[in-house]
Amino acid sequence: MMRLLFIAALLLGAAPVSAMAAQERPGATPDAAAGGQLPLSRVLKELAQHHKGKQLNTTMGQAGGRPVYLVQWQLPSGQIVVFTVDAQTGQVLGQ
């Protein structure tokens with residue numbers, strides 16, 4: 001599992017963030033707008049509201065020069081996906 005996360009981090013570090021994904025999400029906190037990072041607990045809560053399953057592991061990385069959370073998530077089917085979440089806005093950039 002760690003190998004999958006490592007590979008995802010390497011690939012995402014080189015991947016450009018689309019202009020739409022780089023836009024700030026409405027409702028982002030002032031700290032996030034000023035360049036701070038959202039707490040991981042808030043990011044996980046948002047993921048849980050939109051995706052059934054559970055968090056297995058999380059690491060920090062970068063995508064397009066921006067800090068991201070790489071969240072390893074297990075779906076109810078047992079499939080494991082890695083969500084790339086902008087650490088400043090909470091926007092899911094990819095899976």
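The values are calculated or read from the model by the stated rules, or taken from the named source; none is laboratory data. Model, not experiment: these values are computed from the prediction. Neighbour counts are summed over all protein chains in view; Cβ atoms, including those assigned to glycine, are modelled from backbone coordinates with ideal geometry. Side chains included, ligands, DNA and RNA excluded: accessible areas come from the protein's heavy atoms. Shrake-Rupley method; radii C 1.70, N 1.55, O 1.52, S 1.80 Å.
Structure data summary
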| read-out | value |
| --- | --- |
| Of residues in the range 40-69 being of a type outside the set (D, E, K, R) and touching a Pro at 6+ places or on another chain (Cβ under 7 Å), the one surrounded by the fewest Cβ atoms within 10 Å (Cβ to Cβ) | Met60 |
| Test: residue in the range 80-87 that is without any contact (Cβ under 8 Å) to a residue 40 or more places away in the chain, surrounded by 19 or more Cβ atoms within 10 Å (Cβ to Cβ) and not in a loop (DSSP other than H, G, I, E, B) | yes |
| Residue, surrounded by the most Cβ atoms within 10 Å (Cβ to Cβ), within the range 70-79, restricted to residues that are closer than 14 Å to Leu44 by Cβ and hydrophobic (A, V, I, L, M, F, W, C) | Val71 |
| Which numbered condition Pro26 misses (of (1) open to solvent by 60 Å² or more (accessible area, probe 1.4 Å); (2) modelled with pLDDT of 95 or more) | (2) |
